[in-house]
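The structure appears below as structure tokens.
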């Protein structure tokens, strides 16, 4: 699957955030617009489910640490999620600006769509043995191809929260929070009810 993420820059523009030229060139390609640089840093997850609604465990989580707990988390993430909240660089994105943004997780693929248009796709690997739990997002295309965005995640009932840096070269965050000029973001997804 190709990685084409435009969702984060769109959402960040809603928050009217300023980005310095240094951040715009974060991936070493001065010819790409800011939107493409930031989108490369966000990524998407996707997991597979059968036509009958059943989920498939691909075992990718087992390849990392965390064993059974990671496989269980990956299975819990399978399906469609709706973007409920987003914070980046210490600023909340207004809820009305998040409408029509969904996440589909199928097997180890994380896919973000806005109004049915695929914005980004990444491969994920979970490590549920860590505290906080860790997620690695491998970019499949673009300037960050084969780079790994290092994040943390939390699954609570029908809520999935993820935090990481915009740039794959950033260190893994230690908490679910952002501050100005850190290029860290937190997204909160709510499971979409069946039949929607």
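The values are calculated or read from the model by the stated rules, or taken from the named source; none is laboratory data. A quick note: this is a predicted structure, and the numbers were derived from the prediction, not measured. All Cβ positions, even for glycine, are placed from backbone atoms using ideal geometry, and neighbour counts span all protein chains on display.
A few remarks follow.
- Scanning the stretch 102-115 for residues that are in contact with a helix residue (DSSP H, G or I) (Cβ under 6 Å, 6 or more places away or on another chain) and either assigned to a strand (DSSP E or B) or more than 23 Å from residue 148 (Cα to Cα) (or both) yields 105, 112, 114.
- For the stretch 116-146, the set of residues classified as within 23 Å of residue 181 (Cβ to Cβ) and at pLDDT below 95 consists of 143, 144, listed by residue number.
- The stretch 63-92, residues that are at pLDDT below 95 and either within 21 Å of residue 182 (Cβ to Cβ) or not in a helix (DSSP H, G or I) (or both): 64, 65, 66
- Residue count, the stretch 127-186 (criterion: part of a loop (DSSP other than H, G, I, E, B) and either touching a helix residue (DSSP H, G or I) at 6+ places or on another chain (Cβ under 7 Å) or over 19 Å from residue 68 (Cα atoms) (or both)): 29
Here is a yes/no grid of residues against (1) at positive phi; (2) surrounded by 24 or more Cβ atoms within 10 Å (Cβ to Cβ):
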position	(1), (2)
107	yes, no
112	no, yes
118	no, no
132	no, no
136	no, no
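- Single match in 171, 158 (criterion: under 19 Å from residue 74 (Cβ atoms), surrounded by fewer than 18 Cβ atoms within 10 Å (Cβ to Cβ) and at pLDDT 95 or above): 158
- Options 118, 122; residue that is in a strand (DSSP E or B), over 21 Å from residue 165 (Cβ atoms) and in contact (Cβ under 8 Å) with a residue 12 or more places away in the chain: 118
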